[in-house]
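Student: Quick one: structure below, then a few questions.
The values are calculated or read from the model by the stated rules, or taken from the named source; none is laboratory data. This is a predicted model, so every value here is computed, not measured. Heads up, the Cβs are rebuilt from the backbone with ideal geometry, glycines too, and the neighbour counts pull from every protein chain shown. With ligands, DNA and RNA removed, areas are computed over all heavy atoms of the protein, side chains included. Shrake-Rupley method; radii C 1.70, N 1.55, O 1.52, S 1.80 Å.
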Number of protein chains: 6
Amino acid sequence: MSDATIEGFKAERERLNEIVMKYSGLNIKRFYNLDSQVYREGVLPARTKELLGLVASLVLRCDDCVKYHIIQCSEQGVTSEELEEALAVGVVVGGSITIPHLRRALQDWDELQSDNESE
Amino acid sequence: MSDATIEGFKAERERLNEIVMKYSGLNIKRFYNLDSQVYREGVLPARTKELLGLVASLVLRCDDCVKYHIIQCSEQGVTSEELEEALAVGVVVGGSITIPHLRRALQDWDELQSDNESE
Amino acid sequence: MSDATIEGFKAERERLNEIVMKYSGLNIKRFYNLDSQVYREGVLPARTKELLGLVASLVLRCDDCVKYHIIQCSEQGVTSEELEEALAVGVVVGGSITIPHLRRALQDWDELQSDNESE
Amino acid sequence: MSDATIEGFKAERERLNEIVMKYSGLNIKRFYNLDSQVYREGVLPARTKELLGLVASLVLRCDDCVKYHIIQCSEQGVTSEELEEALAVGVVVGGSITIPHLRRALQDWDELQSDNESE
Amino acid sequence: MSDATIEGFKAERERLNEIVMKYSGLNIKRFYNLDSQVYREGVLPARTKELLGLVASLVLRCDDCVKYHIIQCSEQGVTSEELEEALAVGVVVGGSITIPHLRRALQDWDELQSDNESE
Amino acid sequence: MSDATIEGFKAERERLNEIVMKYSGLNIKRFYNLDSQVYREGVLPARTKELLGLVASLVLRCDDCVKYHIIQCSEQGVTSEELEEALAVGVVVGGSITIPHLRRALQDWDELQSDNESE
């Protein structure tokens, strides 16, 4: 039932984004806007786009980005089996150097699954 | 009707893979095998997996890998609109440094579309 | 007086950008727009921004991007001594893996200097 | 007035550099030396070189390196507006994968600004 | 005599690998297997392979991977002088962006040396 | 007996290095010097260091660097079996994104082996 890690991550992310907005000019704001637009439902479903964002984040090895997309995938109703197949593509493309990130990704996923079950 | 680039790429890739097999031991052969397994139809459709491979290749900026997945996407019946949305995720995640690869990806796609129309 | 490489690069880049625009939706077009905005003269001079773009491209090892910023630096009146100091930062940050790109960057710069002298 | 994070970072960095020196031979020592030389005032001002180091570190996504250059930029009198324009180049070149690092960079900057104001 | 960091790392790694196995299908399991095969004694000694894994991890800047190979190098009887020469190759190839990882690598090494001496 | 590719590569590399030296100040020259020092025979044999350089270049996916170290490995008497085991480490660490570079590496190696046999 503990979702401290996930909730803590969301709160910290929001706090830091406020600092970004405090210093940002028009271009960084436009980039932030664009960054949310590309994941919107389109001819590709939003859940497919979240999987694309997840795999891109995994092969580029960004923990924060992986965690964010893991949360989004969970909210979009991605199943554990679908997630595993997407992560397998990422691990094979990106190599063993991605494994520490895979571990943390699946730990987050496991936490989110426990939360869902206990609701 | 010219598909010289695409066909030439496929032939060269096959020629070089033969050299790889000439020198490879069991581990590299296993890796090659695994690399084909992860794109097989599963709970995620093969075409979704090709889009995952494409976006991973774009953000890691590997022209040969991008070209390979562009061809696979075309063979899997991905539409131009779907491809564009996947590439948009890749460009935003990976930044302007991916743009030269985006250009070459869409040139290959354009060639494949022309080939399809003229058949 | 030969600037075949540089001129050929510019023409090919323009040709491929037309293919990108043919397939792009709003988000990729917005990204292209943003990519030109961030190099505009601001509180930092445009030439400083080109040096930032150059060093970022060098450490990320993108030949096309390096070549583009080398041309822009030349057009902005960056001197050979300034360019060398910026590239030295890039080589030390990015390591010997950047050296092949350094070589091609300075070959392009050398060609541009010859063109300028012969005008 | 709290500069715990920044001061803690500096102390830890110094402590670890002593361990590096304990084990290093001539080549790593030369590299360390070179790494400080390239940021020295030259035909390009030291502050411009710090901005180059910052943007290179941002696109390569190294938190420690970003933090170090943020501190140096502050000591060199870079303004918030100049910093923002440099970071905007980095974010557009490096993509959304740099955003977690941008957040932490601006948090450090914000802390340094508060310290300066309270002096 | 404190090996809390190293032991804690090993325990956490094992705990997370169990979560990975809980969700993994055949392909990720095969990748894990392959990842252990390539470091086995062969025509190249296992210790040379660990140095290869270490340098690859350093230039790709993965702290967990570096730490893992530092431990393996210690267990394989690599000397401090050999380690230093391998790391020097990594630092020169990968640039100053690897230095924060070099620092943490040598801190782990230093801890392992102290443990060995006190045994 | 054809070693056109390898010989052409060496000649072009030398030509470009002359352009680098024409524009370089002390720091880039020092970096070049350091880059040759770290591969010198030491407590680790030169051939082990070349394998380290090769695997680092493979995982960072730099064709020119891979080709250079393939040539050096050949000159240092590395066997095909040793090379294969080192490359297998690189492919597993770096993932399928390294495969296009593996192909070109083994093509160069194959050319060098043919040259050696025909001497």
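Student: Treating the stretch E:21-86 as a set of equal point scatterers at the Cα positions, no solvent, please give the Debye-formula log₁₀ I(q)/I(0) at q = 0.20, 0.21, 0.26 Å⁻¹.
Tutor: -0.83, -0.89, -1.14
Student: Report, for E:LYS29, each distance to the same residue's label point in the other copies, shortest first and in nm; define the point 7 Å along Cα→Cβ.
Tutor: Listed shortest first, these distances are 2.2, 5.1, 5.3, 5.3, 6.1 nm.
Student: Could you give the radius of gyration (one decimal) and Dmax (whole number) of the Cα atoms in the stretch F:1-54, in Å?
Tutor: When restricted to the Cα atoms of the stretch F:1-54, Rg and Dmax are 14.3, 41 Å.
Student: No partner Cβ under 4.7 angstrom, meaning no disulfide-compatible partner by this rule: which Cys of the protein assembly as shown qualify?
Tutor: A:CYS73, B:CYS73, C:CYS73, D:CYS73, E:CYS73, F:CYS73
Student: Here's a follow-up. For the charge dipole of chain C, defined by +1 on Lys and Arg C-beta atoms and -1 on Asp and Glu C-beta atoms about the Cα centroid, which residue among C:GLY42, C:ILE6, C:CYS73 has the Cα displaced farthest towards the positive pole?
Tutor: C:GLY42
Student: Along the charge dipole of the stretch E:5-119, pointing to its positive end and built from +1/-1 on Cβ of Lys, Arg, Asp and Glu, which listed residue (E:ASN27, E:PRO100, E:LEU51) has its Cα farthest out?
Tutor: Looking along the dipole axis, the top candidate is E:ASN27.
Student: Still on this model: With chain E rotated onto chain D, spot the residue of E whose Cβ lies nearest the axis and note the distance in whole Å.
Tutor: Axis relating chain E to chain D; nearest Cβ residue and distance: E:ARG61, 5.
Student: If the reach is capped at under 28 angstrom between alpha carbons, list the lysines near E:LYS10, excluding any in the same chain fewer than eight residues apart.
Tutor: In chain and number order, the partners are A:LYS67, D:LYS22, E:LYS22, E:LYS29, E:LYS49, E:LYS67.
Student: If you don't mind, there's one more thing I want to ask. Over chain E, with every protein chain in place, what whole percent of the accessible area is carbon and sulfur at 1.4 Å, could you tell me?
Tutor: It is 47 percent, rounded to a whole number.
Student: Taking the Cβ-Cβ separation of A:LYS22 and F:SER118 as r and a Förster radius of 60 Å, what is the calculated FRET efficiency to the nearest 0.05? Present the calculation step by step, with values, prior to reporting the outcome.
Tutor: Numbers: r = 68 Å, r/R0 = 1.14.
Result of the calculation: an efficiency of 0.30.
Student: At 7 angstrom along the Cα-to-beta-carbon line, where would the label on A:GLU18 sit relative to the other copies? Give the distances in nm, shortest first.
Tutor: 3.9, 3.9, 5.1, 6.3, 6.5
Student: Using only the alpha-carbon atoms of chain C, report the extent along each of the three principal axes, biggest first, to the nearest angstrom.
Tutor: 41, 33, 31
Student: Taking chain A as a Gaussian network, Cα atoms linked when under 10 Å apart, which of A:ALA46, A:ALA11, A:ALA86 shows the biggest mean-square fluctuation?
Tutor: Maximum among the listed residues: A:ALA11.
Student: When chain A is treated as a GNM, springs tying every alpha-carbon pair under 10 Å, which of A:SER80, A:SER57, A:SER24 comes out with the largest mean-square fluctuation?
Tutor: Comparing A:SER80, A:SER57, A:SER24 in a Gaussian network model of chain A, the most mobile one is A:SER24.
Student: Okay, moving on. For D:GLU81, go 7 angstrom from Cα along the Cα-to-Cβ vector, then report the distances to that same point in the other copies in nm, smallest first.
Tutor: When each copy's label point is compared with this one, the spacings are 2.9, 4.5, 5.9, 5.9, 6.9 nm.
Student: Just for the Cα atoms in the protein assembly as shown, what are the lengths along the principal axes, largest first, rounded to whole Å?
Tutor: 61, 59, 56
Student: Something else about it: Dipole size in debye (nearest 20) for the protein assembly as shown around its Cα centre, Lys and Arg Cβ +1, Asp and Glu Cβ -1? Mind dumping the intermediate values first?
Tutor: Values: 78 positive and 126 negative charges, 0 e Å.
About 0 debye.
Student: Determine the dipole magnitude for the stretch D:6-61: charges of +1 sit on the beta-carbon of Lys and Arg, -1 on that of Asp and Glu, nothing else is charged, the reference point is the Cα centre, and the result goes in debye to the nearest 20.
Tutor: Magnitude of the dipole: close to 140 debye.
Student: To continue, here is another question. How many angstrom lie between the C-alpha centres of the stretch F:57-119 and the stretch D:69-108?
Tutor: If you average the Cα positions of each part, the centres end up 39 Å apart.
Student: Among D:LYS49, D:LYS22, D:LYS67, which one moves the most in a GNM of chain D with springs linking Cα atoms closer than 10 Å?
Tutor: Checking each option, the largest mean-square fluctuation is seen for D:LYS22.
Student: Still on this structure: Please give the calculated 222 nm ellipticity per residue for chain D, where each DSSP H segment of at least 4 residues contributes -39500 (n - 2.57) and the sum is spread over every residue; nearest 500 deg cm²/dmol? List each step's numbers first, then the result.
Tutor: Details: 6 runs with 95 residues, N = 119.
So the helix-based figure for chain D works out to -26500 deg cm²/dmol.
Student: I'd like the accessible area for C:HIS101, computed on protein heavy atoms only with a 1.4 Å probe and all protein chains in place. Round to 10 Å², please.
Tutor: 20 Å²
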